[in-house]
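In what follows, a structure is listed as structure tokens, so that the remarks can point back to it.
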Amino acid sequence: YDGTVAALPVWLNQNWFPLLQSVGIILGLLFTAITIRRDTKTRRTTDLLTLVEQHRQLWSELHRRPDLRRVRAKEVDLLSAPLTSGEEEFLNLVFVHFYTNWLMAKGGARSLVPIEAFAADVRGFFSLALPKAVWESTRDGRDPKFVQFVERCLV
């Protein structure tokens, strides 16, 4: 026995206020970290729900508008029936939707589908005649990293 335990009440009596401040600061930081984590989860869930709603609206547009029926066709004769402005506009919206999902997946957020399934969706959609034509004419103006991702999916 070296007297250390007996010295503790004396030390606490002399240092109770700095100890209380330190505990308060540590608890405050812990509470802040928990709050930030919870807010981040909530924001990611909200972002995901927003993306799901945009996805639903986008694809329901494809079914509502007969002028977009060629978008999902595997083969299209673009010489006899060139791309329409409505098709091009719709496809650019789809590309932005794909880009947004890619950004979320890349940022570690939950995406609509796992990245492997997302890559398969990209491969399947971007290899269709109309999406491929619009992609090839617009990819130079897009995020280079996203362009690399899409091009890797198409190989």
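Values for this structure:
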{"read-out": "Å³ per residue enclosed by the Cα convex hull of the stretch 81-155", "value": "85"}
{"read-out": "Phi to ³J(HN,Hα) by Karplus 6.51 cos²θ - 1.76 cosθ + 1.60 over the stretch 122-135, Hz, x for Gly, Pro", "value": "4, 4, x, 6, 6, 8, 5, 4, 5, x, 4, 5, 5, 4"}
{"read-out": "Phi-based couplings in Hz for the stretch 10-25 (Karplus 6.51, -1.76, 1.60; Gly and Pro marked x)", "value": "5, 5, 4, 4, 7, 10, 4, 5, x, 5, 4, 4, 4, 4, x, 5"}
{"read-out": "Solvent exposure of the chain as accessible area per residue, Å², 1.4 Å probe", "value": "69"}
{"read-out": "The chain, Rg to Rh (Cα coordinates; Rh as Kirkwood inverse mean 1/r)", "value": "1.40"}
{"read-out": "Candidates per trypsin sites (Lys or Arg not before Pro) in the stretch 1-91, loop by DSSP, up to 12 other Cβ within 10 Å", "value": "74"}
{"read-out": "Potential lengthening between residue 62 and residue 142 on full extension [0.36 nm per residue; Cα-Cα distance subtracted]", "value": "26.5 nm"}
{"read-out": "Of all accessible heavy-atom area on the stretch 54-155, the percent that carbon and sulfur account for (1.4 Å)", "value": "55"}
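The values are calculated or read from the model by the stated rules, or taken from the named source; none is laboratory data. What you are looking at is a predicted structure, and each value in this text was computed from that prediction instead of being measured. So basically every Cβ, Gly included, is an ideal-geometry build from the backbone, and we count neighbours across all protein chains shown. Keep in mind that these areas ignore ligands, DNA and RNA; they rest on the heavy atoms of the full protein, side chains included. Shrake-Rupley method; radii C 1.70, N 1.55, O 1.52, S 1.80 Å.
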